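To start, the structure itself, in C-alpha cells.
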Amino acid sequence: MKKRFVVMISILLAALMTLSACVSLPDLNEEENEMVSEYAASLLLKYDSDNHSRLVDTSEFMQQYETAVKVREDGIKAYEAAKQKEEDDRRKEAEAQEALNNRSDSGSDSSSNGSSGGDGSGGATVVDNSEPVVTIEEFLNATNYSIDYAEYRLLDSYPEESTDYFFSMDATSGNKLMVIFFNVTNNGSASQLNVYAEGVTFKVNVNGQGYKSVYKTMLQDDLSEYLGDFAAGESRRLVLIYEVPTGTTISSLSLMVSSNSRGSTTENLIQ
C-alpha cells in the first residue's frame, strides 16, 4: 500500500513540475514541499476506493435491541407477578370463606343440640343435608334453568387453549386442577342467569373427605360467579374449579350450595 502511494505521489509531483513549465510557480522551500506532499497523499487516500471502510456503525441498533429485550423481560416479570398475586389472593379468599363457613356450621350444630323448650326438644330445626332439600336450580332462584353435572377432568391448566380467554389458571406444584363441568340450559324465555347476586358458596366433597369451598376465579365460565344472558333454549357449559393432589383417583363427588340465610342443599354427582 505504501509503495503504491509513493508511486502515485511521485506521478502527482511530476505532473506539478510539468505544469511549472507552462505556469509560473513560486519556489518552495523544503517545509512547503513536504506540506504539498502530505496534502497530495491525503487526496489520494480520500478517493482511494480500497481505503473506504466497509464497517457499519451498529451501536445505535444494538442499543435499540437491548432496550427492546429489557422491555420484553420486564413485561414477562410483571405478568408472572400479577398471575402469582391473583392465585395467592384466590387461595386466601377461599381459605377465609372456608373458615367462616366452618364457624357457621359449628354454631348451627351447637344450637340444634341445645334445649330451648320446656319439653327438652331442640329449639332449632335440624336439616339433614345428605339428600337435597331443593334442587340446585331452585336454591339459586333459577327455576327456568336446568343445571346438570356433565363430567370432571384433572388438568394442569384451564382453559387448555386460553387464546380466547382473558384469564386462565395453572395448578400449583404437586396438584391438579379438578374442573367440574355442568350443562346449563335455559328452559324458558330469554333471561339472565345471575349466580353472583345470590351470594352463595359452592363446596365439593371429594372421596368423602368433607366439603371444601371451590376456588373463586375470574374465568368467564365460572358457575360460582356467573352472570350472563341466555337466549330461550340456549345451553352453555359452565365449570367449578377445585384442586386435588396429583395421582388422586376420584371415587365419589358431591356438591353443596349454601347460604347464610337459606341453609344449604346438596347433590351427589358421582356415587
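Tabulated values for the structure
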{"quantity": "Inter-residue pairs, beta-carbon under 7 Å, first assigned by TED's automatic domain parsing to the domain that holds Val179 and farther than 18 Å from Gln192 by Cβ and in segment 134-150, second loosely packed, with under 15 Cβ neighbours inside 10 Å and not hydrophobic (A, V, I, L, M, F, W, C), 6+ apart", "calculated": "Asp148/Asn183; Ala150/Asn183; Ala150/Arg237"}
{"quantity": "Pick from segment 204-237, criterion of a type in the set (D, E, K, R) and outside any loop (DSSP other than H, G, I, E, B), ranking: nearest to Met169 (Cα to Cα)", "calculated": "Asp222"}
{"quantity": "Residue in segment 174-186 that is small (Gly, Ala, Ser) and either in contact with a strand residue (DSSP E or B) (Cβ under 8 Å, 6 or more places away or on another chain) or surrounded by 13 or more Cβ atoms within 10 Å (Cβ to Cβ) (or both) present", "calculated": "yes"}
{"quantity": "Residue in segment 209-232 that is under 23 Å from Lys92 (Cβ atoms), of a type outside the set (A, V, I, L, M), surrounded by fewer than 13 Cβ atoms within 10 Å (Cβ to Cβ) and in the same structural domain as Ala150 (by TED's automatic domain parsing) present", "calculated": "yes"}
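The values are calculated or read from the model by the stated rules, or taken from the named source; none is laboratory data. Please read these numbers as outputs of a predicted model, since none were measured by experiment. Cβ: placed from backbone, ideal geometry, glycine included. Neighbour counts: every protein chain shown.
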